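Accompanying notes for the structure given below.
Computed from the coordinates by the stated procedures, all read-outs in this text should not be read as laboratory data. Worth saying up front: this structure is predicted, and the values here are computed from it rather than measured. Please note: Cβ atoms are built from the backbone with ideal geometry, for glycine as well, and neighbour counts cover all protein chains shown.
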Amino acid sequence: MNMSIGRMAVVVASAALAVMAWVVPATAALAGERKGDPALFDPVASVVMGPRCLNCHQVEGPHQKDWGVIHAQQVVRGADGHGSAVLRCQACHQASNTADGHVPGVPNWHLAPLSMNWQGLDKKQICEQMRDPKRNGNRKTPKEVIEHMKTDPLVLWAWNPGANRTKPVMSHEEFVKVLTTWADAGLPCPN
Amino acid sequence: MITLNINGKPQKVEAEADTPLLWVLRDELHMNGTKFGCGMALCGACTVHVDGQPTRACVMPVSSAVGKKITTIEAIGASPVGKRVQQAWAALEVPQCGYCQSGQIMAATALLRDIAHPTDKDIDQAMSGNICRCGTYQRIRLAIHKAAREA
């Protein structure tokens, strides 16, 4: 019995060494500056691919509700992501939730910039977009990349969405933790 | 006591900070031209202008309106564009039951102030938040074009 446990330990240790030997050069060669486990993005994705985020990272106009239906009133993006010339987001969206939480609100409610669209993207594509300064609002360092998700009132609203809207799958505190881990690892993306 | 700038005049009202502007207009100031429809910014009947932009008074806390210029249907005819919109509305007999029409006129006036000669697409994108249960949309569109032509 002891022998077999000892033998298993050797086998497991060898396997671990073999995996490490494969992972380290592979990731270093893969992206140069990128390192870390691609799975670190999974918990980030579980939040950012939820309706509270996706509904506003859209092309033509906002979506709404948990099933991502096109926003009622045919709301459009407009020239600046704040709606058409005279049907602005602020026509309805105030500085905080109103109408018993049914009408969402934070100051300056608006769509994500067109360059930051996630419509139709999968997990890997969203991850790659989030670390591309051309498509992430010119955020260059991992710290800058996660700052929006740590502090932007529009993002924080997702944890106070009002009415019966679904909240992200983890608390914002937990989200910041997984973001920080992902950033510290160099923003690795799924292969 | 708070002071609001409504139709160019200061108006003092007693109201809690989170009271919707519409409640203040209708119940405190007895300006009943602005209508209550849904109370959730879904229908547009309560549209007023806040610093020139159409805004749903039913969801705007009155405290957010302090220091801004509020224009209601009662004063929209004082501006040349608003007057033209009203005249076009009357000429084409746009309203049926009329309940949504003060909101429609507020939205249409803001549109023509921003885009003097709107296309049908401009009209749809500006007016799609103003619902008409009588379905007067075709006449609304015609009246906006008429008001634009007569500028």
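More than 14 Å from chain B (Cβ to nearest Cβ), surrounded by 15 or more Cβ atoms within 10 Å (Cβ to Cβ) and without any contact (Cβ under 8 Å) to a residue 12 or more places away in the chain: does that describe A:HIS148? So A:HIS148 passes the test.
Could you grab me the full set of residues in the range B:1-13 that are touching a residue at least 60 places away in the same chain (Cβ under 8 Å), surrounded by 15 or more Cβ atoms within 10 Å (Cβ to Cβ) and outside any loop (DSSP other than H, G, I, E, B)?
B:ILE2, B:LEU4, B:ASN5, B:ILE6
If the condition is being farther than 16 Å from A:ASN97 by Cβ, crowded, with 18+ Cβ neighbours inside 10 Å, touching a strand residue (DSSP E or B) at 6+ places or on another chain (Cβ under 9 Å) and without any contact (Cβ under 8 Å) to a residue 60 or more places away in the chain, then the range B:14-44 contributes B:ALA15, B:LEU21, B:LEU22, B:VAL24, B:LEU25, B:MET31.
Restricting attention to the range A:41-80, the residues being in a loop (DSSP other than H, G, I, E, B) and within 14 Å of chain B (Cβ to nearest Cβ) number 11. If you go through the range B:20-78 and keep only what is more than 13 Å from every other protein chain (Cβ to nearest Cβ), basic (Lys, Arg) and over 11 Å from B:GLY103 (Cβ atoms), you end up with B:ARG26, B:LYS69. Inside the range A:90-137, residues that are surrounded by fewer than 18 Cβ atoms within 10 Å (Cβ to Cβ), within 14 Å of another protein chain (Cβ to nearest Cβ), free of Cβ contacts under 8 Å to residues at least 60 places away in the same chain and not polar (S, T, N, Q) make up a count of 2. Among the residues of the range B:96-118, the ones that are within 12 Å of chain A (Cβ to nearest Cβ), without any contact (Cβ under 8 Å) to a residue 24 or more places away in the chain and either part of a helix (DSSP H, G or I) or not aliphatic (A, V, I, L, M) (or both) come to 1 in all.
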